[in-house]
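Please read the structure below before turning to the comments.
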Amino acid sequence: MHDIRFIREDPAAFDAGLKKRNLAPLSAELLEIDKRRRAAISESEAAQAKRKALSRQIGIAKGKGENADALMAEVEALEATLKQGEAEAKRLDEELTRRLEVLPNLPFDDVPDGVDETGNVEIRRVGSQRNFPFQPKDHVALGEATGEMDFASAARISGARFVFLKKHLARMERAIAQFMLDLHTSEEGGYTEVNPPLLVRDNAAYGVGQLPKFAEDMFHTDNGFWLVPTAEVPLTNLVNDTIVEEKDLPLRFTAFTPCFRSEAGAAGKDTRGMIRQHQFPKVELVSITTPEQSDAEHQRMTGRAEEILKRLGLPFRTIVLCGGDMGPASRKTFDIEVWLPGQNAYREISSCSNCGEYQARRMNARFRPKEGKGTRFVHTLNGSGLAVGRTLIAVLENYQNEDGSVTIPEALRPYMGGLAALPAPTKRK
RNA sequence: GGAGAGGUGGCCGAGCGGUCGAAGGCGGCGGUUUGCUAAACCGUUAUACGGGGAUAACUCGUAUCGAGGGUUCGAAUCCCUUCCUCUCCGCCA
């Protein structure tokens, strides 16, 4: 949600931000609505002030037992203008909100220009791609060979874009999540583990910017709940409608949850395998900071997500998204892409965004500064730390052996009962 | 699911048709006292929007007592709708 005063003060900066989003300038028409809105408010308030004064006089007169008919007639005469003025002011105010609340956040100046993913810029590459002496398989081939990744059963029971994981793979997914949580909640990680609700109300979905524009991307229950598309929704809303003390910032939350996305089928992309599912597990990171801290926190958060991949020995690259490819709430986003030899491609495994005060304004999340008076909006950040299902895929594809067994990365072994490798599939008789 | 109770400022808690933005307390801030701390005492302490002003200090106005609507000259107070919380009973992982 944008601050109309910011647009009033610097319409050129606003339009420049929209341009980075490949949107046409809007400041002129928004300010026109704002102008009419403010005029209507002034008019309406003047009438209200008059009524208030008269009503007070009526009260005083009646208190003294005097006749107040003349005064009451005066108020009566005001009635029409009053009602009309109020309605007009309200209508214009709502129109402005409706226009503003669907606009995306303004990218920072250092965000690259571009209309889609081709405009993204790689900023670093870590780890080296393994040289396979054989043709590496993708995760579907590996998982189905052992029967531990079962798409056929999932299709019978839930339809497309679901999967059953069994035995070692089920356990490894759990191991990965636990490894991530342990690192994030360690002293150097600094995050507080949270186990949030997975069903949320409209206001929570609105607060992070999912509503009103992206309703069709979420599952909805028939009694009015949204299934969370990411734990970002409940975690960020932990501070909605609250005022935190500056000394308590930053707040850092992490959660391991399933995520539910209904849009996953619509794109027609990644129809094969576990890459894009209606339900997937993810460890999420959320930070609440002061405006001054948010940029450093953004770097830090991205670093914490990268640390997971480093410890798992998975090669990855980090890119900064261009204006056209960023999520609407974000001012700047780093994507981390893991190398998948089975696909011969880097694939997104984390997305870390600094949302500035965009979400804070929508959910009314403020802090009380140590210096000065009043309150200010917090900055909110979120990132995957990491997508657990995709991490599982990455482990399978990067650590596979020619016989179909999979070496387990050292970091995960303590979580797998010391197991060193997932067994190769047994040959069919 | 059944039966009740309630939602007031950063927090607790009064008020139940008329100068109520709202008593009192706590907390916060400023000060006095004090060797320091504590205690005591005095003062102060909401937010949003709009107008004026230098996009200042400040000032004027309007709104805000869960949300929305209604009654009334006037609503925190009355009525309706809705959301939420709590208690008891039932049911259930």
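The values are calculated or read from the model by the stated rules, or taken from the named source; none is laboratory data. Just so we're clear, the structure is a prediction, and the values are computed from it rather than from any experiment. No Cβ is skipped: glycine too gets one built from the backbone with ideal geometry, and neighbour counts run over all protein chains shown. Side chains are part of the model used for accessible areas, which takes the heavy atoms of the whole protein and leaves out ligands, DNA and RNA. Shrake-Rupley method; radii C 1.70, N 1.55, O 1.52, S 1.80 Å.
Output ³J(HN,Hα) for the stretch A:71-82: one whole-Hz value per residue in order, computed from phi by the Karplus curve 6.51 cos²θ - 1.76 cosθ + 1.60 with θ = phi - 60°, and x for Gly and Pro.
5, 5, 5, 5, 5, 3, 5, 6, 2, 4, 4, 4
Chain A: longest stretch without exposed GluC sites (Glu not before Pro) (DSSP loop, at most 13 other Cβ within 10 Å), sites themselves excluded?
Working: sites that count: A:Glu66, A:Glu187, A:Glu188, A:Glu292, A:Glu371, A:Glu402.
It works out to A:67-186.
Among A:Asn382, A:Asn344, A:Asn120, whose mean-square fluctuation peaks in a Gaussian network model of chain A (Cα, cutoff 10 Å)?
Residue with maximal mean-square fluctuation among A:Asn382, A:Asn344, A:Asn120: A:Asn344.
To the nearest 10 square angstrom, how much accessible area does A:Ile60 have with a 1.4 angstrom probe?
Here the accessible area works out near 90 Å².
Pick from A:Gly356, A:Gly389, A:Gly59: which residue has the top mean-square fluctuation in a GNM of chain A where Cα pairs under 10 Å get a spring?
Looking only at A:Gly356, A:Gly389, A:Gly59, the biggest GNM fluctuation is shown by A:Gly59.
If you wrap a convex hull around the Cα atoms of chain A, how much volume per residue is inside, in Å³? Walk me through the intermediate numbers first.
Working: hull volume 79.4 nm³, N = 429.
Roughly 185 Å³ of hull volume per residue.
Tell me, what is the per residue accessible area of chain A in Å², probe radius 1.4 Å?
Working: 20920 Å² over 429 residues.
Here the per-residue accessible area is 49 Å².
List the pairs from A:Lys35/A:Lys83; A:Lys19/A:Lys282; A:Lys50/A:Lys83 whose alpha-carbon separation is above 24 Å, in the order I gave them.
Details: A:Lys35/A:Lys83 20 Å; A:Lys19/A:Lys282 33 Å; A:Lys50/A:Lys83 13 Å.
Over 24 Å Cα-Cα: A:Lys19/A:Lys282.
For chain A, what is the calculated [θ] at 222 nm in deg cm²/dmol (nearest 500), taking -39500 (n - 2.57) for each run of four or more DSSP H residues and dividing by its residue count? Each step should come with its number before you reach the end.
Working: 12 runs with 167 residues, N = 429.
Computed ellipticity for chain A at 222 nm equals -12500 deg cm²/dmol.
The stretch A:10-114: which trypsin sites (Lys or Arg not before Pro) are DSSP loop and have at most 14 other beta-carbon atoms within 10 angstrom?
Numbers: sites: A:Lys19, A:Lys20, A:Arg21, A:Lys35, A:Arg36, A:Arg37, A:Arg38, A:Lys50, A:Arg51, A:Lys52, A:Arg56, A:Lys62, A:Lys64, A:Lys83, A:Lys90, A:Arg91, A:Arg98, A:Arg99; in loops: A:Arg21, A:Lys64.
Passing sites in the stretch A:10-114 are A:Lys64.
List the aspartates and glutamates whose Cα lies under 13 Å from the Cα of A:Lys247, skipping any in the same chain that are fewer than 8 positions away.
Straight-distance partners of A:Lys247: A:Glu371.
So what's the gap between the Cα centers of the stretch A:130-176 and the stretch A:308-345, to the nearest angstrom?
The stretch A:130-176 and the stretch A:308-345 have Cα centres separated by 22 Å.
Please give, to one decimal in nm, the separation of the simple spin-label points placed at A:Glu187 and A:Val126, each 7 Å out from Cα toward the Cβ.
So the label points at A:Glu187 and A:Val126 sit 2.1 nm apart.
Carbon and sulfur atoms: what percent of the 1.4 Å accessible area of chain A do they account for?
About 50 percent, which is the carbon plus sulfur part of the accessible surface.
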